[in-house]
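The next block holds one structure in the form of structure tokens; read it before the comments.
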Amino acid sequence: MIMRLSSKATTLLILAAVIAIAPFFFPSSYYFRVGSLIFVNGLAVTGLVILIGYAGQISLGHAGFAGIGAYACALAPIHLGLHPALAAILGALLSAAIAFLVGRPILRLKGYYLAVASLGFGILVSMVLSNEAQLTGGPDGMAVPELGLRAVLKAVGIDLSNTEFWYAFSGLALVLGAWLALNLYHSPTGRALRALHGSEVAARTVGVDVAHYKLVAFVISAIYASVSGSLLALQNKFITPDVAGFMHSIEMVTMAVLGGAGSVLGAILGAAILTTLPQVLTVFQEYEQLMLGLVMMLVMIFMREGLLPSVAHRIRGRGE
Amino acid sequence: MKFSATTALAGSLALVLGFAAPAFADIKIGATISETGPASFLGDPEAKTLKMLVEEINAAGGVNGEKLELVVYDDGGDPNKARTFATRLVEDDEVVAVIGGTTTGTSMAIIPVLGDAEVPFISLAGAVEIIDPVKPFVFKTPHTDRMACAKIFEDMKKNGITKIGLISGSDGFGASMHKQCLAIIGEYGIEVLADETYGPTDADMTPQLTNIKGKDGIQAVLNPGFGQGPAIVTRNYAQLAVGLPLYQSHGVASDGFIELAGAQAAEGVKLPGTALLVAGLLPENDPQRAVVVAYKEAYEKATGKPVSTFGGYAHDALRILVDAIKRAGSAEPSAIRDAIEGTSGLVGTTGTVTMSATDHLGLDLSAFRMLKIEDGGWKIVE
């Protein structure tokens, strides 16, 4: 147990240290922007670690929850007069409620029903966002109000540029999200999730309510995705239905699987790689998709647990 | 993070090496364009046009004696990526102006970044929201839906048409133009007696057209739409022998539309289009003739593909920018901005551009030509 706790602390320490130290090497504020995108994606992917890595369930519609979180920040301040921060919380609650309602019937079924149903759910959300043009502005998107926290910080003497602020804020959110996910891993719920990942039959035999725990994982990961969508919307101050698009869902799962769905740090690494790759590959933009596919295939063939866990295993193996 | 920094460094190194002869005092212009993805039919000709023109300008000695350097990123039509690339252009590449935003979504996502950085931005997207209200650093080149509506209504008025039927696509383009048309139709004293819609993937519009045909007093039919819908409407319209003038929108102003609808069914259809579409038909004394013919020939020679209106938007954006840098005599973003606002009488492919502090589009209705389809080809009818 002591070993485990220290591994949790190590993960958090590495994460926090990288986030804090990296800015010293940034040549321009563009890198803060890329950094904050990594953290926003990393947060959504951390949620997927709970669903895919802990509970062994696949969702292909989590961008739908990101869309709900994002549009909550755009719509609630206009129509309900809520502060954007409260709107983000409302979005998270709404996502949780919808995940509960959608997940409850589906998760009683075995096999790939969740993947297929979540796929449909994600597409549904993105269609509603595109088609309800009078409310959401349709495919052209809509503006999102300013969070206002930067002005508050400025008043107390911390003057950050927009990109710096969002780097710090989303970095903080990611560390918090990772901390919660790691705590969950070692909780009774986490053990139940891992049990049903290993074998649903075995888990049921020892008294784990399989459907209940799957639902718990689904709802928690939906909240992560929703908060990530809210952060993206507030950061960009503009949002389009692409955030809820099918490709975004696939991207999230790919990030988790690439880095290692079973490990929070690995998944965040996956998010970092897939977020920076298009930026790095602008020179070879025509080959971007090709290289992405190649990287993915190589990881699936040679590192089936994902990048980070496989590398860690190999290093540990050599040490013994 | 280390990964990103070193590889990005290697990437920019490769980018620099890729340019033939980078003088040290180059003027750096940025662009984020949707070369791939769902909007690539817009973005691809835009990017090709920019690259071609920059080469052409540099071969002729550059601007104010300095060479242009173009940095193009492909945002794939994703507004989030477009915003990141815009940040990269102003923060990392330190460009003096940005062209791009192929779609309204990507343009709107870019605007706050460039507004904060105070770098001029010329959008290539259609929506009027981009320049209305006027933002100090934001300009655009494509005409708006509202202008197309006005052009059509003007032609109707000239022909004594006061009662019309509408059949609109329910996609983004059709819905937006439908709204814009209804907003100004009162100014022309025209009344809508029938207002029908169809879905973007519908394969038959006979029921809606039968409804319109059955209404008494309708003198003409207008079809705001994009893609294959208007071609089907045109075919059904001919099959039903409605016998009234049919107006299509600028959204289908291309040779592909005549092919899709069939020359026979499309005979007599009227629509507003740009000078670029009918480059060869413009009279010798037309002010736009020289510009559009030169662009059309250069583009078709460089790419081997037919010229499109969308590439024309990029052509105009770069011309406006280069003209502004010349007049400003400096490549300072704020000086360029002031000079763009002072653009006057610049002849582009979409029209003659004259900007002001209150008009960051600078086109009037003469930007559109009223065209009629005759014998499977275009004819200018004014």
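The values are calculated or read from the model by the stated rules, or taken from the named source; none is laboratory data. Here the structure is a predicted model, which means the values were calculated and not measured. Cβ placement follows ideal geometry from the backbone for every residue including glycine, while neighbour counts extend to all protein chains displayed.
For this structure, a couple of remarks:
Here's the yes/no breakdown for (1) buried (at least 22 other Cβ atoms within 10 Å of the Cβ); (2) among the small types (Gly, Ala, Ser); (3) in a helix (DSSP H, G or I); (4) more than 14 Å from every other protein chain (Cβ to nearest Cβ):
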position	(1), (2), (3), (4)
A:ILE21	no, no, yes, no
A:LEU51	yes, no, yes, yes
A:ILE68	yes, no, yes, yes
A:LEU82	no, no, no, yes
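- B:ALA314 being among the small types (Gly, Ala, Ser), in the same structural domain as B:GLY43 (by TED's automatic domain parsing) and under 25 Å from B:LEU271 (Cβ atoms): yes
- All positions within segment B:143-153 that are part of a loop (DSSP other than H, G, I, E, B) and more than 14 Å from chain A (Cβ to nearest Cβ): B:HIS143
Here's the yes/no breakdown for (1) in contact with a helix residue (DSSP H, G or I) (Cβ under 6 Å, 6 or more places away or on another chain); (2) modelled with pLDDT of 85 or more; (3) among the aliphatic types (A, V, I, L, M); (4) loosely packed, with under 15 Cβ neighbours inside 10 Å:
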{"residue": "A:LEU269", "(1), (2), (3), (4)": "yes, yes, yes, no"}
{"residue": "A:ALA272", "(1), (2), (3), (4)": "yes, yes, yes, no"}
{"residue": "A:THR276", "(1), (2), (3), (4)": "yes, yes, no, no"}
{"residue": "A:VAL299", "(1), (2), (3), (4)": "yes, no, yes, no"}
{"residue": "A:PRO309", "(1), (2), (3), (4)": "yes, no, no, no"}
{"residue": "A:ARG314", "(1), (2), (3), (4)": "no, no, no, yes"}
{"residue": "A:GLY317", "(1), (2), (3), (4)": "no, no, no, yes"}
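- Any chance A:LEU269 is in a helix (DSSP H, G or I) and within 14 Å of another protein chain (Cβ to nearest Cβ): yes
- Of the strands (runs of 3 or more DSSP E) contained entirely in segment B:22-105, those carrying at least 3 residues that are assigned by TED's automatic domain parsing to the domain that holds B:ARG337 and under 23 Å from B:ALA298 (Cα atoms) fall at B:27-33, B:68-74.
- Of all residues in segment B:84-108, those satisfying the criterion of being under 18 Å from B:LYS140 (Cβ atoms), of a type in the set (A, V, I, L, M) and at the interface with another protein chain (Cβ under 9 Å from one of its Cβ atoms) are B:LEU89, B:MET108.
- Scope segment B:154-187; condition in a helix (DSSP H, G or I) and under 20 Å from the mean Cα position of the chain (by Cα); matching residues: B:GLY172, B:PHE173, B:GLY174, B:ALA175, B:SER176, B:MET177, B:HIS178, B:LYS179, B:GLN180, B:CYS181
- Being touching a residue at least 12 places away in the same chain (Cβ under 8 Å), under 20 Å from A:MET252 (Cβ atoms) and assigned to a loop (DSSP other than H, G, I, E, B) holds for only one residue in A:LEU60, A:LEU124, A:LEU114, and it is A:LEU60.
- A:VAL45 falls short on exactly one of the conditions (1) more than 14 Å from chain B (Cβ to nearest Cβ); (2) over 25 Å from A:GLY266 (Cα atoms); (3) part of a helix (DSSP H, G or I), and that condition is (2).
- Close contacts from segment B:117-128, counting a first residue that is in the same structural domain as B:GLY172 (by TED's automatic domain parsing) and a second that is in a loop (DSSP other than H, G, I, E, B), with Cβ to Cβ under 9 Å and a gap of 6+ residues or different chains, come to none at all.
- Inter-residue pairs, beta-carbon under 7 Å, first touching a residue at least 12 places away in the same chain (Cβ under 8 Å) and farther than 20 Å from B:LYS151 by Cα and in segment B:256-273, second part of a loop (DSSP other than H, G, I, E, B) and small (Gly, Ala, Ser), 6+ apart: B:ILE258/B:GLY376; B:ALA263/B:GLY376
- When B:VAL134 is tested against (1) in the same structural domain as B:LEU70 (by TED's automatic domain parsing); (2) more than 21 Å from the chain's Cα centre (by Cα), exactly one condition is not met: (2).
- Looking only at segment A:135-163, and only at residues there that are part of a helix (DSSP H, G or I) and within 28 Å of B:THR103 (Cα to Cα), the one that is farthest from the chain's Cα centre (by Cα): A:LEU135
- Among the residues of segment B:274-304, those identified as over 30 Å from B:GLY165 (Cβ atoms) and either hydroxyl-bearing (Ser, Thr, Tyr) or in a loop (DSSP other than H, G, I, E, B) (or both) are B:LEU282, B:PRO283, B:GLU284, B:ASN285, B:ASP286, B:PRO287, B:GLN288, B:TYR295, B:TYR299, B:THR303, B:GLY304.
- A:LEU232 being buried (at least 22 other Cβ atoms within 10 Å of the Cβ), under 30 Å from B:LEU70 (Cα atoms), within 14 Å of chain B (Cβ to nearest Cβ) and modelled with pLDDT of 90 or more: yes
- Verdict on A:GLY171 being crowded, with 19+ Cβ neighbours inside 10 Å, under 25 Å from A:ALA267 (Cβ atoms), in contact (Cβ under 8 Å) with a residue 12 or more places away in the chain and within 14 Å of another protein chain (Cβ to nearest Cβ): yes
- Residues in segment A:127-145 that are acidic (Asp, Glu) and surrounded by fewer than 17 Cβ atoms within 10 Å (Cβ to Cβ): A:GLU132 only.
- The residues in segment A:247-258 that are over 25 Å from A:PRO84 (Cβ atoms) and more than 12 Å from every other protein chain (Cβ to nearest Cβ) can be counted, and the count is 7.
- Matching option when the condition is in the same structural domain as B:GLU154 (by TED's automatic domain parsing), more than 20 Å from B:PHE153 (Cα to Cα) and either surrounded by fewer than 18 Cβ atoms within 10 Å (Cβ to Cβ) or modelled with pLDDT of 90 or more (or both), among B:GLY217, B:GLY199, B:GLY186: B:GLY199
- Being free of Cβ contacts under 8 Å to residues at least 60 places away in the same chain, facing chain B (nearest Cβ under 10 Å) and more than 22 Å from A:LYS8 (Cβ to Cβ) is a property that A:PHE302 lacks.
- From the list B:ILE122, B:ILE111, the lone residue that is away from chain A (no Cβ under 13 Å) and either within 28 Å of A:GLN279 (Cβ to Cβ) or crowded, with 23+ Cβ neighbours inside 10 Å (or both) is B:ILE122.
- Selected residue (only one of B:LEU321, B:LEU361, B:LEU271 is assigned to a helix (DSSP H, G or I), in contact with a strand residue (DSSP E or B) (Cβ under 8 Å, 6 or more places away or on another chain), of a type outside the set (Gly, Ala, Ser) and crowded, with 21+ Cβ neighbours inside 10 Å): B:LEU321
- Subset of segment B:24-46 [modelled with pLDDT of 90 or more and surrounded by fewer than 24 Cβ atoms within 10 Å (Cβ to Cβ)]: B:ILE27, B:LYS28, B:ASP44
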